[in-house]
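Here is the structure we will look at, set down as structure tokens.
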Amino acid sequence: MGHSYMVAAYCVTWVIQLGYVAFIAAKWFGQNSKLGGSR
Amino acid sequence: MKKLLAAVVAIGVIALMAWGFYQAMYVAPTDAAQGPAGRIFYYHVPHGMLCYLFFTVNFVASVLVLAWRRNYPGRALAADAWALSGAQVGVVFCSVVLITGPIWGRPVWGIWWTWDARLTTTLVLWLIYVSYLLVRRFAVGSEMQTLAAVLAVFGALDMPINYLANRLWRTQHPSPVFGGDPDAGLKDPRMLHAFGWNVLAWAVWGIFLLVIRVVVERRAQRIAGSEAEAALAAD
């Protein structure tokens with residue numbers, strides 16, 4: 001029982017953290033198109 | 001060269017995260033009273049500690065924005081990038097705290113949430129910085145950065161209240177890991193090591209995200225500046 005709570009908490013942590021990484025990456029690649037190429 | 005350096009740093013951060021995970025899941029003994037759910041502590045508490053760090057970055061940068069905005073607009077713009085990035089990374093870490101806390105509370109306390117001083121002030125802290133980000137997103141005009149910086153300075157007042165909440169008042173939330181009740185805290189050195197490694201790993205991860213976010217925001221500022229110059233030239 002406690003094990004599933006532990007796994008759930010760990011998964012939520014990484015979903016939030018990697019979601020933020022994806023947000024930053026989307027901004028970066030959006031900027032690349034405005035800057036005219038990858039930098 | 002920059003890309004190579006970023007790749008080396010990223011690999012180092014991932015290796016540190018993996019080591020922290022190994023320590024928390026396999027080296028630290030299972031807490032006798034809490035069972036496996038007790039291991040949530042190794043990522044809930046570091047996130048709680050580190051959201052103070054990132055909100056402090058936001059506070060210091062916001063003070064600098066207010067100090068430099070008239071005489072050093074270039075520096076104020078750089079400070080604004082740090083302020084925004086500190087608030088965003090802080091909200092990410094605080095969100096993890098607010099979600100993993102109830103997931104720990106359900107098996108250990110038998111309830112998801114209670115309106116005690118520590119939990120409530122943490123929710124208020126999160127709401128303050130979400131409102132800061134919403135002001136930045138939706139306010140228009142040249143005074144947006146000043147308005148956001150003032151909000152950040154006042155918002156930071158909740159940090160000491162939140163920190164002291166389970167020291168000053170009787171709360172459902174456990175005592176502080178350090179500097180709390182003599183009976184509280186980590187007794188087993190393996191637990192202490194696992195906790196230390198996870199604080200370090202999440203700190204390095206968070207600072208890595210913060211620096212990348214600042215770089216992206218500085219690029220956004222340069223693009224906005226170029227677009228404004230182009231628009232003026234077109235007129």
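The values are calculated or read from the model by the stated rules, or taken from the named source; none is laboratory data. Bear in mind that the values here come from a model prediction, so they are computed numbers and not experimental data. Positions of Cβ are generated from backbone atoms using ideal geometry, with glycine treated the same way; all protein chains shown enter the neighbour counts.
Any residue in region A:11-28 that is more than 13 Å from B:Val97 (Cα to Cα) sitting within a Cβ distance under 8 Å of a residue that is aromatic (Phe, Trp, Tyr) and surrounded by fewer than 15 Cβ atoms within 10 Å (Cβ to Cβ)? List the pairs, counting only those 6 or more apart or interchain.
As it stands, the answer is none, since no pair meets every condition given.
From B:Ser85, B:Ser95, grab the single residue that is within 14 Å of chain A (Cβ to nearest Cβ), hydroxyl-bearing (Ser, Thr, Tyr) and either buried (at least 23 other Cβ atoms within 10 Å of the Cβ) or not in a helix (DSSP H, G or I) (or both).
Just one listed residue meets the conditions, B:Ser85.
Determine whether region B:10-31 contains at least one residue that is β-branched (Val, Ile, Thr) and closer than 13 Å to B:Val97 by Cβ.
Within region B:10-31 (the criterion being β-branched (Val, Ile, Thr) and closer than 13 Å to B:Val97 by Cβ), the answer is no, since none of the residues qualifies.
Anything in region B:64-119 that is touching a residue at least 60 places away in the same chain (Cβ under 8 Å), under 24 Å from the mean Cα position of the chain (by Cα) and farther than 25 Å from B:Met49 by Cβ? List them, or say none.
Passing the criteria: B:Val65, B:Leu66, B:Ala76, B:Leu77, B:Ala78, B:Asp80.
Checking the conditions here, which among B:Asn162, B:Asn166, B:Asn198 is assigned to a helix (DSSP H, G or I), in contact with a His (Cβ under 6 Å, 6 or more places away or on another chain), touching a residue at least 12 places away in the same chain (Cβ under 8 Å) and surrounded by 15 or more Cβ atoms within 10 Å (Cβ to Cβ)?
Step by step, each of B:Asn162, B:Asn166, B:Asn198 is checked, and only B:Asn166 is assigned to a helix (DSSP H, G or I), in contact with a His (Cβ under 6 Å, 6 or more places away or on another chain), touching a residue at least 12 places away in the same chain (Cβ under 8 Å) and surrounded by 15 or more Cβ atoms within 10 Å (Cβ to Cβ).
Output the residue which, of all residues in region B:22-32 that are part of a helix (DSSP H, G or I) and in contact (Cβ under 8 Å) with a residue 40 or more places away in the chain, is nearest to the other protein chains (Cβ to nearest Cβ).
B:Ala24
Being facing another protein chain (nearest Cβ under 10 Å) and of a type in the set (A, V, I, L, M) is the filter here, so list the residues in region B:202-223 that pass it.
B:Leu209, B:Ile212, B:Val215, B:Val216, B:Ala220, B:Ile223
Would region B:53-63 turn up any residue that is surrounded by 13 or more Cβ atoms within 10 Å (Cβ to Cβ) and modelled with pLDDT under 95?
Taking every residue of region B:53-63 in turn, none turns out to be surrounded by 13 or more Cβ atoms within 10 Å (Cβ to Cβ) and modelled with pLDDT under 95.
Looking for whichever is surrounded by fewer than 17 Cβ atoms within 10 Å (Cβ to Cβ), within 11 Å of another protein chain (Cβ to nearest Cβ) and of a type in the set (Gly, Ala, Ser) here; the options are B:Gly35, B:Gly74. Which one fits?
That would be B:Gly35, the only listed residue that is surrounded by fewer than 17 Cβ atoms within 10 Å (Cβ to Cβ), within 11 Å of another protein chain (Cβ to nearest Cβ) and of a type in the set (Gly, Ala, Ser).
Quick one: in region B:1-45, of everything that is over 19 Å from the mean Cα position of the chain (by Cα) and aromatic (Phe, Trp, Tyr), which residue is farthest from B:Trp202 (Cα to Cα)?
If we take residues in region B:1-45 being over 19 Å from the mean Cα position of the chain (by Cα) and aromatic (Phe, Trp, Tyr), then B:Tyr26 is farthest from B:Trp202 (Cα to Cα).
Every residue, every condition in (1) under 30 Å from B:Pro73 (Cα atoms); (2) at pLDDT below 90, yes or no:
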site	(1), (2)
B:Trp126	yes, no
B:Val130	yes, no
B:Ala139	yes, yes
B:Glu143	yes, yes
B:Ala148	yes, no
B:Leu151	yes, no
B:Ala156	yes, no
B:Met159	yes, no
B:Ala165	no, yes
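For B:Phe41, all conditions in the list (1) surrounded by fewer than 19 Cβ atoms within 10 Å (Cβ to Cβ); (2) closer than 30 Å to B:Tyr22 by Cβ; (3) in contact with a Phe, Trp or Tyr (Cβ under 8 Å, 6 or more places away or on another chain) hold save one; what is the number of the exception?
The number of the failed condition is (1).
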